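Each remark here refers to the structure printed beneath this line.
The values are calculated or read from the model by the stated rules, or taken from the named source; none is laboratory data. All of these numbers come straight from a predicted model, not from anything done at the bench. Neighbour counts are summed over all protein chains in view; Cβ atoms, including those assigned to glycine, are modelled from backbone coordinates with ideal geometry. When the accessible area is computed, the model is the full protein with side chains, heavy atoms only, and any ligands, DNA or RNA have been set aside. Shrake-Rupley method; radii C 1.70, N 1.55, O 1.52, S 1.80 Å.
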Amino acid sequence: MSRRSIAVVFAGSGGSGAMTAGAVFLRAAARAGYFGMMTQLFGAQVRGGESASLVQIGVDPIEAQPDRFDAFVALDWDKVEQFAAEIPLDDTSLIIADPASGPVPPGIAKAKGRVVSLAMTGAGESKLDRALLGKRVNMFAAGCLAALCGLPEQHIAGAVEAAFGSKGQDVAAANTARALAGAQAAPALALDLKLAPPRHNERWLISGNQAVALGALRGGVRFVGCYPITPATDLVEWLAPHLIKLGGRLVLGEDELASINLALGASYGGVPAMTVTSGPGFSLMVESLGLAIAAEIPLVLVDVMRAGPSTGIASKTEQSDVNLAIYGAHGDAPRVVLAPLSVADCAATTEYAVYVTESLQVPVIVLSDQMLGQATAVVDPVSDRPAPLKRKINGAGASQPFKRYATSGDAITPMPLPGTPDHEWVAEGLTHNEAGLPASGAAMHAAQIHKRARKIREFDAGERWGEVTGEGDTAILAFGSTVGPAREAARRLAEAGRQVRVIALRLLAPLPVKQLAQALTGVRRIVVIEQNDTGQLYRHLLGNKAVPVDAESVARPGPLPFRPSEIVNYVA
Amino acid sequence: MTDTITTASAATEPQHCVYDAKDFASGAHPVWCPGCGDFGVLAGLERALAKYGRGPHEVVLVSGIGCSSRLPGYMSTYGFHGVHGRALAAGTGLKLARPDLEVIVVGGDGDGYSIGGNHFIHTCRRNPDMLYVVMDNRVYGMTKGQPSPTTEPDWDSDIAPGGIGLRPFNPLAVAIAAGANYVARGFSGDPNGLAELIVDGLKWPGFAFIEVLSPCITFRPEQRDWKKMVRPSTLSVEQDRAAATALVLADDGFSLGVLYRGDRASIAPALPTETTMGDVEREFAP
Ligand SMILES: Cc1ncc(C[n+]2csc(CCOP(=O)(O)OP(=O)(O)O)c2C)c(N)n1
Ligand code: SF4
Ligand SMILES: [Mg+2]
């Protein structure tokens, strides 16, 4: 019987090429028309340590980590055992390894999977050949697994060439040869891993971080101030060359205090601007986030969350910056917080964030997380494009002196671009009067606070507040990378005859209380799922009376992803 | 050295003088104590901009927090009054995004050298084509009299009885070492002389840093004597950073005028657009 999806792990020591194996396997599947998703695990070394790529491919879109893996491919066994807790295997899993690598270590063997021997090193290779062109055990393994899943050789070869093309003909050819040798070794294993035929559509291969960058570019971001931090760095590394070629610029700040201010300066000048960081950097940026709110300067702040507090676990996921994103700042400092619903949705959510910040003149935080950001997915080309919204810059007809922060009338007041004659104004972080001069009277202080609060209160995200899937009187409320597993859990429950609604929240602040009430009509049981210990979203929902007090909270820290089975077990 | 001079600011140099100093005053009444040195800096800036010839709408004053950082509100130009210490970063972002604007960052010694010290170093290093005017009164004025990085070691204060006991840091030497292209010292008691330095600094390519001795008559009344101590510098160095460093380190801190002018390249400008979103998106095909 052919399968609808298959989950494979490639693992090995530093230099074994486990990541490249996973990437080639995923790309071959994408070229053949399948969907897929890959996440990565790294050891503690800064560079070149052991690693594992976790890849699931299938006929239908994949948005969650699998409950278990069908195959574990060991390129070697060196230090690989440490990943055991993050790679669920069972007695139907295949453990594929070269007997020359030694016995299966106990941490992996304890799952009692079936061990399959596969000689991966080519007999005809000289030592020099290997030194020059790489060991290529990884390509053999990727080719073999791809063939076992039924991926055509032309797509396996195409994927290898796409991965190695930039390294020269020789390297690409040598690797292709090894991948095809792996493919040819597949039939002898007599394993049944064949996937059902794909639906052959045009696909994109994209990571969540790349999708955020794409959304920013689509939205018109042309200035980025940033400071490197895992797991946000690869976002800006992908973005930088594209941004530069689009006439924009990326400035590497000396720290996050500078990065956010670089972006605010550019934004004040009229160029849509963004800063990108993770928890520790976000903490530093909170100071000037308050400035952006008080002075009403547009800014997209992307937080690719990692495990915290403090330096936490740099490379691993958690959803524990919810409080910081929604409340972080002294004073009353309302802002907009959006969380993407999937890897693909990172693009539309970020593009929307640009439009919202430009039109409301309030910073918008895009709350992504490591699991979404560093997952590479095969998706339908991302065609969801929010309707553009622009900054209000025309102050024509205004009285003199120009009242940048007028408190009567529309809460959103024009911010003419510097360079515009007769509308000079000062962006002011002190409590200010309507003309933007520092003021300390109680009435003006309240008037300006209320002006800013009104912008947020009157903001209507329309359909973009979130997405509801499924029916039934039980609702799972999720955001970010927990949406995928929640939806997969609901799908399984539905298959078992139990209807469950998933409410995926994109707009975390201001809470879309009305839309939520609508989405919750007929619901008797609410389960709020999030990956932090204190139930940060749950408390936010309760505090806003967006859910009743008997709503249930399923909150636990990262970095282990929520798996669909965990949610099914809780809800059922 | 392969660095070359950038001529960006020479290209935008104005042709006509059609403005008067008072065109640059906002009319708002400063919160400063009567006699504060910062009044002289405000006057110097207004006169300099009138002479320089770009209109108030083409100029943006960026500042942090402190008595001195209040200055943008007193001018008729565009302004950005941000948070304590971060003005140089905001100014740099603005200048890089909008090279057509004249960006002038102003502030105090606490704002620029203490909380903003890291940004000071790195702005010198980036060397953007903008002007930085520090009103140095060797004290945190706004918080009512604590020692700053430029305060004398034995200056007595409530928070550091008997003196802080640390040698003041030399911002001019730091600026030269970190790569600023123009380093000068002015005095708030001589607004005309200061205006000349400001015009010169605006015209000079790259990052121009003008340290202005600007007395805090409230918390450092003894600084009234500065007018007797200042004198024109007998030396001014072009290009040679080692010689310029020696000059500012040997100086007693009261020599006025241009002390160093270099020819380091500024941070590179943005490039012309050479791709489309369509091309970017095609990269996602597997
Ligand atoms: C983050 C932060 N810390 C502390 C302060 C308090 N504060 C306001 S102004 C200032 C020092 C200003 O000194 P300086 O820059 O020399 O300006 P002056 O008042 O002397 O002109 C301090 C510490 C603040 N506003 N923000
Ligand atoms: S406290 Fe000092 S620096 Fe501040 S306004 Fe008064 S005199 Fe000027
Ligand atoms: Mg001071």
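Does B:Gln239 satisfy the condition of being at positive phi and not charged (D, E, K, R)? For B:Gln239, the condition - at positive phi and not charged (D, E, K, R) - is met. Looking across B:Glu238, B:Glu222, B:Glu196, one residue alone is modelled with pLDDT under 95 and open to solvent by 60 Å² or more (accessible area, probe 1.4 Å). It is B:Glu238.
A single member of A:Ala240, A:Ala216 is free of Cβ contacts under 8 Å to residues at least 24 places away in the same chain, under 23 Å from the mean Cα position of the chain (by Cα) and within 14 Å of chain B (Cβ to nearest Cβ), and it is A:Ala240. Filtering the range A:261-285 to residues that are within 11 Å of chain B (Cβ to nearest Cβ) and of a type in the set (Val, Ile, Thr) leaves A:Val271, A:Thr275.
Per the conditions (1) part of a strand (DSSP E or B); (2) within 13 Å of chain A (Cβ to nearest Cβ); (3) not polar (S, T, N, Q), the sole criterion not satisfied by B:Val134 is (2). Selection within the range A:219-237: residues that are within 29 Å of B:Gly117 (Cβ to Cβ) and small (Gly, Ala, Ser). The member of this set that is nearest to the chain's Cα centre (by Cα) is A:Ala232. The criterion of at least 2 residues that are modelled with pLDDT of 90 or more is met by the following helices (runs of 4 or more DSSP H) wholly inside the range A:64-178: A:106-109, A:137-148, A:153-164.
Table: residues versus (1) outside the structural domain of A:Leu235 (by TED's automatic domain parsing); (2) without any contact (Cβ under 8 Å) to a residue 40 or more places away in the chain; (3) surrounded by fewer than 24 Cβ atoms within 10 Å (Cβ to Cβ); (4) within 19 Å of A:Gly543 (Cβ to Cβ).
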| position | (1), (2), (3), (4) |
| --- | --- |
| A:Asp321 | no, no, no, yes |
| A:Tyr327 | no, yes, yes, yes |
| A:Asp332 | no, no, yes, yes |
| A:Ala348 | no, no, no, no |
| A:Tyr352 | no, no, no, no |
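Applying the condition of being under 19 Å from B:Pro30 (Cα atoms) and in contact with a strand residue (DSSP E or B) (Cβ under 9 Å, 6 or more places away or on another chain) to the range B:140-156 and asking which residue is nearest to the other protein chains (Cβ to nearest Cβ) yields B:Met142. Residues in the range A:10-29 that are within 8 Å of A:Ser53 (Cβ to Cβ) and open to solvent by 10 Å² or more (accessible area, probe 1.4 Å) were compared, and the one that is farthest from the other protein chains (Cβ to nearest Cβ) is A:Met19. Listed by position, the strands (runs of 3 or more DSSP E) inside the range A:476-572 whose residues that are among the polar types (S, T, N, Q) and within 22 Å of A:Gly58 (Cβ to Cβ) number at least 1 form an empty set. Inspection of the range B:133-151 finds no residue satisfying the criterion of being touching a Gly at 6+ places or on another chain (Cβ under 7 Å) and away from ligand 1 (no atom under 16 Å from the Cβ). The helices (runs of 4 or more DSSP H) located wholly in the range A:300-375 that include 2 or more residues which are more than 18 Å from A:Leu507 (Cβ to Cβ) occupy A:370-373.
Just one of (1) within 14 Å of another protein chain (Cβ to nearest Cβ); (2) in contact with a helix residue (DSSP H, G or I) (Cβ under 9 Å, 6 or more places away or on another chain) fails for A:Glu318. It is (1). Among the residues of the range A:399-421, those identified as within 14 Å of another protein chain (Cβ to nearest Cβ) and out of contact with any Lys or Arg (no Cβ under 9 Å at 6 or more places or on another chain) are A:Gln400, A:Pro401, A:Phe402, A:Lys403, A:Arg404, A:Thr420, A:Pro421. Sub-7 Å Cβ pairs linking a first residue in the range B:213-224 that is within 14 Å of another protein chain (Cβ to nearest Cβ) and under 16 Å from B:Trp32 (Cα atoms) to a second residue that is assigned to a strand (DSSP E or B) and more than 9 Å from ligand 3 (Cβ to nearest atom), at least 6 apart or interchain, number zero.
Restricting attention to the range B:55-92, the residues being within 16 Å of ligand 2 (Cβ to nearest atom), of a type in the set (Gly, Ala, Ser) and under 21 Å from A:Tyr405 (Cα atoms) number 4. Where helices (runs of 4 or more DSSP H) fall wholly inside the range B:20-131, the ranges with 1 or more residues that are more than 9 Å from chain A (Cβ to nearest Cβ) and away from ligand 3 (no atom under 16 Å from the Cβ) are B:38-52, B:117-126.
For B:Ile159, state whether it is within 14 Å of ligand 1 (Cβ to nearest atom), open to solvent by 10 Å² or more (accessible area, probe 1.4 Å), within 14 Å of another protein chain (Cβ to nearest Cβ) and not hydroxyl-bearing (Ser, Thr, Tyr). Judged against the criteria, B:Ile159 is not a match. The condition of being of a type in the set (A, V, I, L, M, F, W, C), under 20 Å from B:Asp38 (Cα atoms), open to solvent by 40 Å² or more (accessible area, probe 1.4 Å) and near ligand 3 (Cβ under 10 Å from one of its atoms) holds for only one of B:Met135, B:Met142, that being B:Met142. Applying a threshold of 7 Å to beta carbon distances and a minimum spacing of six or more residues, or different chains, the list of pairs starting in the range A:422-438 at a residue that is farther than 22 Å from A:Asp332 by Cβ and facing another protein chain (nearest Cβ under 7 Å) and ending at one that is polar (S, T, N, Q) and surrounded by 20 or more Cβ atoms within 10 Å (Cβ to Cβ) reads A:Glu424/B:Ser76; A:Glu424/B:Thr77.
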